[in-house]
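Scroll down for the structure; my scribbles are underneath it.
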Amino acid sequence: MKSKRIIISGATSGIGCEIAKIYISQGWKVGIIGRRENLLKELQDLNSSNVFVQAMDINSDNATQQFQNLITQLGGMDIYFHVSGIGYQNTQLDYAKELNTVETNCKGFTRMVTFAFNYFAEHGGGHIAAITSIAGTKGLGVSPAYSATKRYQNQYLQCLAQLSSMRKAKIIFTDIRPGFVATDLLNDSHNYPMLMNKTDVAKAAYKAVEKKKRIKIIDWRYYFLVAAWKCIPNCIWERISVKN
Ligand SMILES: NC(=O)c1ccc[n+]([C@@H]2O[C@H](COP(=O)([O-])OP(=O)(O)OC[C@H]3O[C@@H](n4cnc5c(N)ncnc54)[C@H](OP(=O)(O)O)[C@@H]3O)[C@@H](O)[C@H]2O)c1
């Protein structure tokens, strides 16, 4: 039987690296993307015949060409899993941090996801999954660009899901929204409550994609948190001090 093929961006560390390990262990052909080539090669060493590496920056002008090269190496793509992302707590509103976050989480995300959409539309369908965040479900004052760009991702995936249906493109979408996960992204001096393990989050994300879930909040505690804060009127929310 022909192996299934997945491409994962943001596979050099954290959640993306753990997700890649699961697909590798399941015998998939796995294409991995990130800027740190040495870390991609370490992952490739787990199964050099099934793992294909593309060191690249999703913000670069030739990113789509490099994405296409990786698809060609794999002989096609069945799932595109977008995990690449950056984020900061930025109460001082350092504008460089804000703009970098917009560049990667909006522009880079759009570049990669639209390319995957067009590829699948031309090849009879496919599946686009992305790790977004619960931060997109309510505006968080401590991380303005992060929270806003994650909302952008949530909304963009919904737009593409409707577009796929309008065009009968047979593309499935899975928007995975974790709460706090212990990874390099949170490697700052702050204290994060209800911190989850990256391996557990990757397993839950894998399961959500297998079940073709449209939206998955990880884990159940964050499911209830999101449900609760959605009920808070904006006029009250904007007066609450949410920090850690
Ligand atoms: N940790 C959390 O609490 C949490 C919660 C909810 C959602 N998330 C989301 O989960 C995703 C993964 O984050 P993580 O927590 O696993 O942190 P991480 O360990 O810092 O992983 C971030 C990944 O994104 C890649 N990346 C960043 N900028 C890139 C670029 N310009 N081009 C290509 N790849 C790029 C990094 O690879 P290179 O540096 O090698 O390029 C790395 O593989 C992010 O989208 C994040 O927003 C995280």
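The values are calculated or read from the model by the stated rules, or taken from the named source; none is laboratory data. This structure is a prediction, so every number in the text was calculated from the model and none was measured. Virtual Cβ from ideal backbone geometry, glycine too; neighbours counted across all protein chains shown. Note: areas computed on protein heavy atoms with side chains; ligands, DNA, RNA excluded. Shrake-Rupley method; radii C 1.70, N 1.55, O 1.52, S 1.80 Å.
List of remarks:
- Any hit, the range 114-126, residues being within 14 Å of the ligand (Cβ to nearest atom) and either β-branched (Val, Ile, Thr) or more than 23 Å from residue 214 (Cα to Cα) (or both): no
- Those residues of the range 212-231 which are surrounded by 15 or more Cβ atoms within 10 Å (Cβ to Cβ) and free of Cβ contacts under 8 Å to residues at least 40 places away in the same chain, in sequence order: 213, 223
- Close pairs from the range 165-176: first open to solvent by less than 10 Å² (accessible area, probe 1.4 Å), partner assigned to a loop (DSSP other than H, G, I, E, B) and of a type in the set (Phe, Trp, Tyr), Cβ under 9 Å, at least 6 apart: none
- The residues on offer are 177, 167, 151, and the sole one that is of a type in the set (Lys, Arg) and more than 14 Å from the ligand (Cβ to nearest atom) is 167.
- Here residue 186 meets the list (1) farther than 24 Å from residue 67 by Cα; (2) within 8 Å of the ligand (Cβ to nearest atom); (3) in contact with a helix residue (DSSP H, G or I) (Cβ under 7 Å, 6 or more places away or on another chain) almost entirely, failing just condition (3).
- Residues (open to solvent by 10 Å² or more (accessible area, probe 1.4 Å) and at pLDDT 95 or above) located in the range 59-74: 59, 60, 62, 64, 65, 66, 68, 69, 72, 73
- Check on residue 77, within 13 Å of the ligand (Cβ to nearest atom) and either within 17 Å of the chain's Cα centre (by Cα) or open to solvent by less than 10 Å² (accessible area, probe 1.4 Å) (or both): no
- Residue selected from the range 124-144 under the condition in contact with a Gly (Cβ under 8 Å, 6 or more places away or on another chain) and assigned to a helix (DSSP H, G or I), by the criterion surrounded by the fewest Cβ atoms within 10 Å (Cβ to Cβ): 134
- The range 177-190, subset part of a loop (DSSP other than H, G, I, E, B) and modelled with pLDDT of 90 or more, residue least open to solvent (accessible area, probe 1.4 Å): 179
- Members of the range 1-29 that are more than 7 Å from the ligand (Cβ to nearest atom), open to solvent by less than 50 Å² (accessible area, probe 1.4 Å) and under 16 Å from the mean Cα position of the chain (by Cα): 6, 7, 8, 18, 19, 20, 22, 23
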